Amino acid sequence: MALGLLAELRAGQAVACARRTSAPAHAAPVVPVLPGRGRQFFNLPQNVSSSQPVRGSTVRVAATATDAVPHWKLALEELDKPKEGGRKILIAQVAPAVRVAISESFGLAPGAVSPGKLAAGLRALGFDQVFDTLFAADLTIMEEGTELLHRLKEHLEQHPHSDEPLPMFTSCCPGWIGMMEKSYPELIPFVSSCKSPQMMMGAMVKTYLSEKQGIPAKDIVMVSVMPCVRKQGEADREWFCVSEPGVRDVDHVITTAELGNIFKERGINVPELPESDWDQPLGLGSGAGVLFGTTGGVMEAALRTAYEIVTKEPLPRLNLSEVRGMDGIKEASVTLMPAEGSKFAELVAARLAHKAEEDAAAAAAAAAEGAVKPPIVYDGGQGFSTDDGKGGLTLRVAVANGLGNAKKLIGKMVAGEAKYDFVEIMACPAGCVGGGGQPRSTDKQITQKRQAALYDLDERTTLRRSHENEAVNQLYKEFLGEPLSHRAHELLHTHYVPGGAEADA
């Protein structure tokens, strides 16, 4: 997809979404659209001014003022409207970390309330349909894993002046995205363009589901149950309204703790409810999707899929202990042997043949007067050689647990002391299980217990790889086409703003 076309699409979305707020929209400085090649549509390496929008956006709008009424109250007001009076369709989605912490609201241990009982509880509140954010987590892996491999291919294809920069950082944590936009805007080209699972689910509900069930998007109220207090701010970004002007992808966000209080105030004893299933077609999720709820989980889920795409073989060891646990910074290396006759095998062979030429060109470029040095210098990849005797790809990954550790990791990378291909960052220690919207606890081991409950759910799930989720595959077949397609990028990818989304207000 051409960068120019993407700029037009995003500009149109921004203008349309501005209609839902009384604050006047205003244009920001236009970023020059750099020439792309083929279907490339990610950020290109460039100097980023703190006053410029990026990722093809040419129009920004004023930020929405903070709502005076809490969103959990607004959601309840919608639920309390009589169905016979023309009430809108109320749809809920539930994040991975919520299912292991909601039990604490009833005095039980993490994970004591099954996901099926939680789904039943939401229906008892009055929701018409209840979907599992695990579905959207699997969808995120399909897009983000493919994006990572796309970037790797760009480097292997010897296009140093037009390829996407590596390492690639994850993008599903709004706390990390907020810090990155404000404190490290020069890293924007390195961040995955994928929306978070919450926003991918909202987009699919307001487009795919709306079309499939014949319900106008404006007649759907999408409510997210999240462990994170930053998710409402994420949902309020003005360009997250892909279905039609003035219709948000996600209308309201309720935290785990707020939902627990609502259940108790309304006399819904969730632990005593019968088991129930998630609604379809957006209710099937894998164990890989479960892992999104804890630090290292996005990395582990992505590697399960990326490994198989490249090697055509399943990852021998699904539980990657190297990226699990509570350490501040975790590192690992995974060797991928490209399948014989595959594009990756061809590219690795070509890389070997041109390694000397590449090194000479890099040295000449560095010596050139006025050469611009990127914030993080990528070394071309370790293992894109015969170091292992077979010519495999060694993917170097890192996980930062908490923003303090993220700053340390970025500092080392900028200084050239550490080099990676793929980096996961979560703002909250332990990841989403330790989010600010989770129930408060005096147990100092509570995050580890929630983390263990998520690992247990993954272990007990027969479907443990995102790319094996047949519901996600059906979505691509019926609606999206393929990962990174024109429609997938229009609906499932986003852009970032130096200084933060409110910078243009």
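The values are calculated or read from the model by the stated rules, or taken from the named source; none is laboratory data. Treat the numbers as computed from the prediction; the structure is a model and nothing was measured. Every residue, glycine as well, gets a Cβ built from its backbone with ideal geometry; the counts of neighbours run over all protein chains shown. With ligands, DNA and RNA removed, areas are computed over all heavy atoms of the protein, side chains included. Shrake-Rupley method; radii C 1.70, N 1.55, O 1.52, S 1.80 Å.
Kindly evaluate MET222 against the criterion of being closer than 25 Å to GLY434 by Cα, open to solvent by less than 20 Å² (accessible area, probe 1.4 Å) and either at pLDDT 95 or above or not aliphatic (A, V, I, L, M) (or both).
Here the answer is yes, as MET222 does meet what is asked.
Check CYS194 against each of (1) under 26 Å from ILE102 (Cβ atoms); (2) crowded, with 21+ Cβ neighbours inside 10 Å and name the one condition it does not meet.
Of everything listed in (1) under 26 Å from ILE102 (Cβ atoms); (2) crowded, with 21+ Cβ neighbours inside 10 Å, CYS194 misses just condition (1).
Would you pick out the residues in segment 468-484 that are modelled with pLDDT of 95 or more and of a type outside the set (A, V, I, L, M, F, W, C)?
ASN469, GLU470, ASN473, GLN474, TYR476, LYS477, GLU478, GLY481, GLU482, PRO483, listed by residue number.
Is it true that some residue in segment 81-93 is modelled with pLDDT of 95 or more and open to solvent by 10 Å² or more (accessible area, probe 1.4 Å)?
Yes, segment 81-93 has at least one match.
Sort through SER243, SER192 and tell me the only one that's without any contact (Cβ under 8 Å) to a residue 60 or more places away in the chain, among the hydroxyl-bearing types (Ser, Thr, Tyr) and farther than 23 Å from ILE89 by Cβ.
SER192
Going by what's in this entry, would GLY402 be described as at positive phi, in contact (Cβ under 8 Å) with a residue 12 or more places away in the chain, in contact with a strand residue (DSSP E or B) (Cβ under 9 Å, 6 or more places away or on another chain) and open to solvent by less than 40 Å² (accessible area, probe 1.4 Å)?
yes
Just the residues that are open to solvent by 10 Å² or more (accessible area, probe 1.4 Å) and either under 27 Å from TYR208 (Cβ atoms) or in contact (Cβ under 8 Å) with a residue 24 or more places away in the chain (or both), please, taken from segment 100-115.
Listed by number, the residues that qualify are GLU104, SER105, PHE106, LEU108, ALA109, PRO110, GLY111, ALA112, SER114, PRO115.
Tell me the residue from ARG465, ARG396, ARG487 that is surrounded by fewer than 17 Cβ atoms within 10 Å (Cβ to Cβ), under 23 Å from SER192 (Cα atoms) and either in contact with an Asp or Glu (Cβ under 9 Å, 6 or more places away or on another chain) or modelled with pLDDT of 95 or more (or both), please.
Residue meeting the stated conditions: ARG487.
Could you please find all residues in segment 195-246 being among the aliphatic types (A, V, I, L, M) and assigned to a strand (DSSP E or B)?
Residues satisfying the conditions are ILE220, VAL221, MET222, VAL223, VAL225, MET226.
For GLU478, all conditions in the list (1) touching a helix residue (DSSP H, G or I) at 6+ places or on another chain (Cβ under 7 Å); (2) surrounded by fewer than 17 Cβ atoms within 10 Å (Cβ to Cβ); (3) acidic (Asp, Glu) hold save one; what is the number of the exception?
(1)
Could you name every one of the helices (runs of 4 or more DSSP H) located completely within segment 396-494 that has at least 1 residues being over 24 Å from LEU336 (Cα atoms), among the acidic types (Asp, Glu) and in contact with a Gly (Cβ under 7 Å, 6 or more places away or on another chain)?
In segment 396-494, 446-459 are the helices (runs of 4 or more DSSP H) which contain 1 or more residues that are over 24 Å from LEU336 (Cα atoms), among the acidic types (Asp, Glu) and in contact with a Gly (Cβ under 7 Å, 6 or more places away or on another chain).
Would you check which residues across segment 122-150 are surrounded by fewer than 24 Cβ atoms within 10 Å (Cβ to Cβ) and among the small types (Gly, Ala, Ser) and list them?
Within segment 122-150, ALA124, GLY126 meet the criteria.
Condition (residue is farther than 29 Å from PRO174 by Cβ, under 29 Å from the mean Cα position of the chain (by Cα) and at pLDDT below 85) applied to segment 275-289: is it met by at least one residue?
Within segment 275-289 (the criterion being farther than 29 Å from PRO174 by Cβ, under 29 Å from the mean Cα position of the chain (by Cα) and at pLDDT below 85), the answer is no, since none of the residues qualifies.
Condition first: in a loop (DSSP other than H, G, I, E, B) and either over 13 Å from PRO498 (Cβ atoms) or at pLDDT below 95 (or both). Now tell me which residues in segment 179-194 satisfy that.
Listed by number, the residues that qualify are SER192, SER193.
Which number in (1) polar (S, T, N, Q); (2) in contact (Cβ under 8 Å) with a residue 40 or more places away in the chain; (3) surrounded by fewer than 18 Cβ atoms within 10 Å (Cβ to Cβ) marks the one condition that GLN445 misses?
It is condition (2) that GLN445 fails.
Looking only at segment 267-275, decide whether some residue is crowded, with 22+ Cβ neighbours inside 10 Å, more than 30 Å from ARG151 (Cα to Cα) and in contact with a Ser or Thr (Cβ under 9 Å, 6 or more places away or on another chain).
yes
Picking from GLU300, GLU272, which residue would you name as being among the charged types (D, E, K, R), at pLDDT 90 or above and closer than 25 Å to TYR455 by Cβ?
Step by step, each of GLU300, GLU272 is checked, and only GLU300 is among the charged types (D, E, K, R), at pLDDT 90 or above and closer than 25 Å to TYR455 by Cβ.
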